[in-house]
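Q: Here's a structure for you.
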């Protein structure tokens, strides 16, 4: 009987304890809430028009899609900042000899390829050595430069390049990505373009190619963050490029949620992308401009050999109106041959030209506008120009707007079309134009010798045939010294002559627009100087949420 009573007391105590615990839990639960927090996972898909050919930094010059992706996968010895200054990449430092003919680069310690193998100067010598081999299927101009350079490996971290003469623009050549010698040193240079490496490359950049893909058939390429570049990790474990045949299919993919971003939004595509509910747009200036080149040779319209006439035509263009009408506002007015972030840029030298009266200049040059006539005349000849433009929607709109603005000045324009870029280059080389509309991607270095020197009339890209000895000498002097302080006077001289003589008219700097879905959280895009800049803040981006229990915020009481 007593034993039975003890069990009853024990059961009562246990029951009382359970009641107390339950009441305690209920009291605690009153102070808890559920919220959402960023969660790891998902794939960030970005669409672009086109498909890569060779993911190899030696073979990418002619392929924009290749260059975009290669920038994420490979590093050069140096890179550049927003002011066009060279800063360390694989190399931590470099020096130039007193005679300006040799450069020594020192690699950072502890570098490694995506497969874990160490990066040494043997890789650097191998890569640039390939560019000295005539059989390598690289751009001829790139090979021609490297074939004049002597490469000396000093040790595993130090390499020397000896030039035949001082040449400051050489630094830009060391931006090119380095290849892993341990994977390619046995490949004959002539067979490099067909090697499987180009489909599954191994680089040193912030992204690496996920193994086992066939992006030629799947039309998609998955990259994963390089742990050595993203030491804090990322919320999104993969970046996937998806390749589309045209902008229409790209837009459909964004609207359907098949992709979360569009690599580059053209001005023609902009209104439709803006209409996509979840699209966010980030716009920044791009390192490219559009220019009108005047043909001053005997194959062009004779009056264009007069600087006064060229200045008049430049003054007769309203850049802002052109950008608004032909480009949906997607451009930044620009004057001169340098981008604003170049250290050689000096807008003040063009101030006088911007205030010129176009009609007065043409009148004083002997081309009046007779009463009742739409086109200026002189001695029975009419002032009519052949304007060469590429057969693309953008260039044809630009050409039409230029023609309309010059018509207001009494200048007749006949638009002639080049059906392709090779066709345009052929007509430029033959100087079969009076004025040519061209897109220019200038070098990072301010050296424009190959565009505007006297030598470039014969062996270069001085398609307008501008023949000015003083400008040519200034350009030559500017490339033979290394320091910005030493070089600047030469480029100031060149620019002052250029502004006065007006061999070309720069219309606008291009802008770059990136579209990203609002479903990508914490995405912020700053200035984009090279493709990898889009992902500077990628570590904080996320696609998914998870539920998290937290203490409920205290209720506010009104007093």
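The values are calculated or read from the model by the stated rules, or taken from the named source; none is laboratory data. All figures in this text were calculated on a predicted structure; none of them were measured in a lab. Note that we place each Cβ from the backbone using ideal geometry, even for glycine, and neighbour counts take in every protein chain shown.
Q: Residue by residue through the range 258-285, note down the ones that are crowded, with 19+ Cβ neighbours inside 10 Å, assigned to a strand (DSSP E or B), at pLDDT 95 or above and out of contact with any helix residue (DSSP H, G or I) (no Cβ under 7 Å at 6 or more places or on another chain).
A: Of everything in the range 258-285, just one residue is crowded, with 19+ Cβ neighbours inside 10 Å, assigned to a strand (DSSP E or B), at pLDDT 95 or above and out of contact with any helix residue (DSSP H, G or I) (no Cβ under 7 Å at 6 or more places or on another chain), namely 261.
Q: Here are some residues: 366, 372, 380. Which one is at positive phi and modelled with pLDDT of 95 or more?
A: Working: 372 fails: modelled with pLDDT of 95 or more; 380 fails: modelled with pLDDT of 95 or more.
Answer to the selection: 366.
Q: Of all residues in the range 501-536, count the ones that are more than 27 Å from residue 252 (Cβ to Cβ) and part of a loop (DSSP other than H, G, I, E, B).
A: Qualifying residue count, the range 501-536: 7.
Q: Here is a follow-up. Return a yes/no flag: does the range 53-73 have any residue that is modelled with pLDDT of 50 or more, in a strand (DSSP E or B), touching a strand residue (DSSP E or B) at 6+ places or on another chain (Cβ under 6 Å) and surrounded by 16 or more Cβ atoms within 10 Å (Cβ to Cβ). Steps first, answer last, please.
A: So the first thing to find is which residues in the range 53-73 are modelled with pLDDT of 50 or more, and the list is 53-73.
Add one more test, that the residue is in a strand (DSSP E or B), and what stays is none.
Within the range 53-73, none of the residues are modelled with pLDDT of 50 or more, in a strand (DSSP E or B), touching a strand residue (DSSP E or B) at 6+ places or on another chain (Cβ under 6 Å) and surrounded by 16 or more Cβ atoms within 10 Å (Cβ to Cβ).
Q: Further question on the same structure: Do you know which of the residues in the range 391-403 that are touching a helix residue (DSSP H, G or I) at 6+ places or on another chain (Cβ under 8 Å) and surrounded by 21 or more Cβ atoms within 10 Å (Cβ to Cβ) is nearest to residue 303 (Cα to Cα)? If you could, list the steps in order and put the result at the bottom.
A: Residues of the range 391-403 touching a helix residue (DSSP H, G or I) at 6+ places or on another chain (Cβ under 8 Å): 394, 397-398, 400-402.
Checking which are surrounded by 21 or more Cβ atoms within 10 Å (Cβ to Cβ) leaves us with 398, 402.
On the way: 398: 23, 402: 18 Å.
Among them, the one singled out is 402.
Q: Can you pull out the residues in the range 323-351 that are farther than 13 Å from residue 495 by Cβ, out of contact with any strand residue (DSSP E or B) (no Cβ under 6 Å at 6 or more places or on another chain), touching a residue at least 60 places away in the same chain (Cβ under 8 Å) and not in a loop (DSSP other than H, G, I, E, B)?
A: Matches in the range 323-351: 325, 326, 327.
Q: Applying the selection to the range 404-414, what residues are under 29 Å from residue 266 (Cα atoms), in contact with a helix residue (DSSP H, G or I) (Cβ under 9 Å, 6 or more places away or on another chain) and touching a residue at least 12 places away in the same chain (Cβ under 8 Å)?
A: Across the range 404-414, the qualifying residues are 405, 406, 413, 414.
Q: Still on this structure, please answer the following. In the range 82-111, how many are within 26 Å of the chain's Cα centre (by Cα), loosely packed, with under 15 Cβ neighbours inside 10 Å and in contact (Cβ under 8 Å) with a residue 60 or more places away in the chain?
A: Total meeting the criteria: 3.
Q: Now for a different question. Could you tell me whether residue 546 is in contact (Cβ under 8 Å) with a residue 24 or more places away in the chain and assigned to a helix (DSSP H, G or I)? Working first, answer last.
A: Working: in contact (Cβ under 8 Å) with a residue 24 or more places away in the chain: yes; assigned to a helix (DSSP H, G or I): no.
So residue 546 does not fit the description; no.
Q: Taking the range 74-92, which residues are in a loop (DSSP other than H, G, I, E, B) and modelled with pLDDT under 90?
A: Kept after step one, since they are in a loop (DSSP other than H, G, I, E, B), are these residues of the range 74-92: 74-77, 81-85, 89-90.
Across the range 74-92, the qualifying residues are 81, 82, 83, 84, 85.
Q: Follow-up. Can you name the condition, by its number, that residue 116 falls short on among (1) without any contact (Cβ under 8 Å) to a residue 12 or more places away in the chain; (2) farther than 30 Å from residue 484 by Cβ; (3) touching a strand residue (DSSP E or B) at 6+ places or on another chain (Cβ under 9 Å)?
A: Failed condition: (3).
Q: A follow-up question, please. Just a yes or no: is a residue in the range 171-182 crowded, with 18+ Cβ neighbours inside 10 Å, more than 19 Å from residue 89 (Cβ to Cβ), in the same structural domain as residue 96 (by TED's automatic domain parsing) and out of contact with any strand residue (DSSP E or B) (no Cβ under 7 Å at 6 or more places or on another chain)?
A: No, the range 171-182 contains no residue that is crowded, with 18+ Cβ neighbours inside 10 Å, more than 19 Å from residue 89 (Cβ to Cβ), in the same structural domain as residue 96 (by TED's automatic domain parsing) and out of contact with any strand residue (DSSP E or B) (no Cβ under 7 Å at 6 or more places or on another chain).
Q: Another question, then. Being assigned to a loop (DSSP other than H, G, I, E, B) and outside the structural domain of residue 306 (by TED's automatic domain parsing), is that true of even one residue in the range 482-500? Don't jump to the end; show me each part of the working.
A: As a first pass, look at the range 482-500 and keep what is assigned to a loop (DSSP other than H, G, I, E, B): 482-483.
Now restrict to residues that are outside the structural domain of residue 306 (by TED's automatic domain parsing): none.
No, the range 482-500 has no match at all.
Q: Can you name every residue in the range 415-466 that is over 28 Å from residue 490 (Cα atoms), in contact with a helix residue (DSSP H, G or I) (Cβ under 9 Å, 6 or more places away or on another chain) and assigned to a loop (DSSP other than H, G, I, E, B)?
A: 432, 433, 434
Q: So which of 173, 255, 144, 190 ends up being farther than 30 Å from residue 486 by Cβ, under 27 Å from the mean Cα position of the chain (by Cα) and part of a helix (DSSP H, G or I)? Steps first, answer last, please.
A: Working: 173 fails: farther than 30 Å from residue 486 by Cβ; 144 fails: farther than 30 Å from residue 486 by Cβ; 190 fails: under 27 Å from the mean Cα position of the chain (by Cα).
The match here is 255.
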